[in-house]
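First the structure, in the form of structure tokens, and then the observations on it.
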Amino acid sequence: MWSGRWIGAIASLLMLVLLAAVALPAIQQARESARRTQSKNNLKQLGLALHNYASTYDILPPGGVFNAEGRAFHGWTTFIAPYIEASPFYNGVNINIPWDHPDQLKYFQRYPGDAYLNPSIGSGRLDDGLKRNHYSGSDLVFYRNSSTSFSDLTNGTAHTLLVGDAKGMFQPFGYPYEWRSVALGLNTTEEGFGSPVREITQMLLADGSVREFSHHSDQDLFLKLRGVNAKWDHSAPDVSKPAGVYHLSEPLVSLWSDPKRSDCIIGVQNESRHIVRAWIHDSETSWNSSVATTLDGPAQVLKKYQSLRVLDLGYSLTDRGLRLIEGLPDLEEIKVGGRATTNRGLEILSRCRRLKHLEIGAARFGDHSWSLLAKLPKLESVIIGEPAGDTYSFSTKSVVAFLDERPDCRVQVGQGLSPQKIRDLAKSGEPWPPYRYGK
């Protein structure tokens with residue numbers, strides 16, 4: 001009796017294992033099919049953006065813009081951003097300074113860039129927080145200071161490759177050298193076009209269609225579709241690109257990175273190569289409450305850079321992390337979240353005697369906090385972020401007392417409460433109004 005039950009249970013278990021073994025490949029195949037479809041849609045989206053750009057300016061965007069000294073500024077992926085629903089990103093970028101300048105690298109770190117990610121490969125960031133780009137342009141169309149129009153493609157748009165899957169050596173979004181040579185062949189080298197994860201490569205043609213090429217049977221067809229550009233001259237130096245992979249240009253340096261959370265801290269060096277400024281980029285996980293304690297790790301790294309003057313962590317540190325920051329004698333500007341900051345942490349901040357500018361979240365900011373800040377002799381501005389709930393945890397009177405004691409210090413509370421509004425509320429005795437953006 002018992003043996004019969006055991007035999008039945010084992011048979012059922014074996015049946016489930018067999019069904020799983022049969023179903024798993026089908027599930028994986030279906031998922032890969034969906035990823036291929038998504039990648040195809042990404043290329044179509046890029047094609048539509050390139051055509052909209054050409055309709056506006058009568059030419060395709062330059063492969064990369066370079067000045068007379070050969071300094072790279074911006075590439076075609078940046079110029080088509082307004083046409084793929086990324087106008088806020090593009091409006092923040094200054095195209096008159098290099099893309100990886102310290103003042104604007106943050107825009108490229110925060111750009112979602114989903115249209116440039118091949119889902120079959122997966123997402124990922126480089127050590128400097130920039131998101132990888134899995135697609136590249138044909139060097140026949142995109143190159144240094146190129147000005148290609150569709151009419152220059154004398155083989156016709158239906159017979160000219162435009163953008164496609166990169167085989168490897170993935171560069172960050174915004175990289176001004178984002179083009180490769182079709183002449184290298186299909187899936188033959190990391191520097192060319194191909195796919196590291198499947199047996200086909202997807203390519204966008206100049207007419208806006210997307211075609212799939214088999215690595216085994218379409219090599220000749222792939223080379224024939226390279227096309228002809230009436231303006232293109234392979235012997236000219238302006239079509240060349242660097243032999244090495246991307247790395248942070250001076251004066252930037254990566255100080256810390258966490259690949260598991262795609263976080264990193266970028267440092268800026270002065271002429272003497274001392275780190276004088278550092279910031280952490282916005283990661284997908286930084287808003288989680290559990291992140292507060294993990295940012296103490298970067299603080300542990302930063303404490304050795306005694307020359308730091310500007311620190312923009314943006315998110316919370318515990319009192320332990322703030323104590324490490326206190327050991328940086330030259331700090332003049334701090335931006336940190338208030339989620340995990342206690343009164344003890346605010347006392348630590350108030351001992352940064354050279355502090356001129358402070359931006360902090362409002363979660364733990366109370367009446368006593370204002371009296372602590374009033375003791376900072378060089379403080380020039382204070383910015384308090386949004387409250388944890390509908391109202392702030394400090395009174396209007398404590399802010400007015402601070403303003404009276406430090407009349408030269410610029411104060412901003414949230415995004416709509418001016419010092420005069422705060423004085424009016426304190427005078428009338430009214431409580432803090434419910435917090436509203438822009439009110």
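The values are calculated or read from the model by the stated rules, or taken from the named source; none is laboratory data. Just so it is clear, the structure is predicted and the values come from calculations on it, not from any experiment. So basically every Cβ, Gly included, is an ideal-geometry build from the backbone, and we count neighbours across all protein chains shown. Only protein heavy atoms, including side chains, enter the accessible area calculation; ligands, DNA and RNA are left aside. Shrake-Rupley method; radii C 1.70, N 1.55, O 1.52, S 1.80 Å.
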State yes or no: is TYR305 within 24 Å of ASP103 (Cβ to Cβ) and in a loop (DSSP other than H, G, I, E, B)?
yes
Restricting attention to segment 165-188, which residues are under 21 Å from ARG144 (Cβ atoms) and β-branched (Val, Ile, Thr)?
VAL182
Being crowded, with 20+ Cβ neighbours inside 10 Å, more than 18 Å from SER316 (Cβ to Cβ) and out of contact with any His (no Cβ under 7 Å at 6 or more places or on another chain) narrows LEU358, LEU417 down to just LEU417
Of a type in the set (A, V, I, L, M, F, W, C) and modelled with pLDDT under 85: does that describe LEU355?
no
So the check is Cβ under 6 Å with 6+ separation or different chains; which pairs have a first residue in segment 357-370 that's more than 9 Å from ILE383 (Cα to Cα) and a second one that's in a loop (DSSP other than H, G, I, E, B) and among the polar types (S, T, N, Q)?
ARG364/THR341; ARG364/THR342; GLY366/SER393; ASP367/SER395
Restricting attention to segment 308-332, and to residues there that are modelled with pLDDT of 85 or more and part of a strand (DSSP E or B), which single residue is nearest to the chain's Cα centre (by Cα)?
LEU311
Can you work out which of the residues in segment 29-69 that are open to solvent by 70 Å² or more (accessible area, probe 1.4 Å) and outside any helix (DSSP H, G or I) is farthest from ALA206 (Cα to Cα)?
GLU69
Residue list for segment 91-108, restricted to those being open to solvent by less than 70 Å² (accessible area, probe 1.4 Å), at pLDDT 80 or above and out of contact with any Ser or Thr (no Cβ under 7 Å at 6 or more places or on another chain):
GLY92, ASN94, ILE97, PRO98, HIS101, GLN104, PHE108
Is one or more of the residues making up segment 187-204 of a type outside the set (A, V, I, L, M), surrounded by 18 or more Cβ atoms within 10 Å (Cβ to Cβ), in contact (Cβ under 8 Å) with a residue 60 or more places away in the chain and under 26 Å from ASN67 (Cα atoms)?
no
Look through segment 361-383, keep the residues that are of a type in the set (A, V, I, L, M) and in contact with a Gly (Cβ under 6 Å, 6 or more places away or on another chain), and return whichever of them is most open to solvent (accessible area, probe 1.4 Å).
ALA363
Taking LYS335, is it surrounded by fewer than 17 Cβ atoms within 10 Å (Cβ to Cβ), under 24 Å from ARG273 (Cα atoms) and either modelled with pLDDT of 80 or more or among the acidic types (Asp, Glu) (or both)?
no
Within segment 395-414, restricting attention to residues that are of a type outside the set (A, V, I, L, M) and outside any loop (DSSP other than H, G, I, E, B), which residue is surrounded by the most Cβ atoms within 10 Å (Cβ to Cβ)?
PHE402
When you look at GLY47, is it under 30 Å from LEU153 (Cβ atoms), of a type outside the set (S, T, N, Q), in contact with a Lys or Arg (Cβ under 6 Å, 6 or more places away or on another chain) and modelled with pLDDT of 85 or more, yes or no?
no
The residue from TYR392, TYR437 that alone is open to solvent by less than 50 Å² (accessible area, probe 1.4 Å), at pLDDT below 85 and more than 25 Å from ARG277 (Cβ to Cβ) is TYR392
Name the residues in segment 160-186 that are without any contact (Cβ under 8 Å) to a residue 40 or more places away in the chain and open to solvent by less than 30 Å² (accessible area, probe 1.4 Å), would you?
ALA166, GLY168, GLY185, LEU186
Which one of these is out of contact with any strand residue (DSSP E or B) (no Cβ under 9 Å at 6 or more places or on another chain) and at pLDDT 75 or above: LYS224, LYS260?
LYS224
For segment 396-405, enumerate the residues that are at pLDDT 90 or above and within 38 Å of the chain's Cα centre (by Cα).
VAL399, PHE402, LEU403
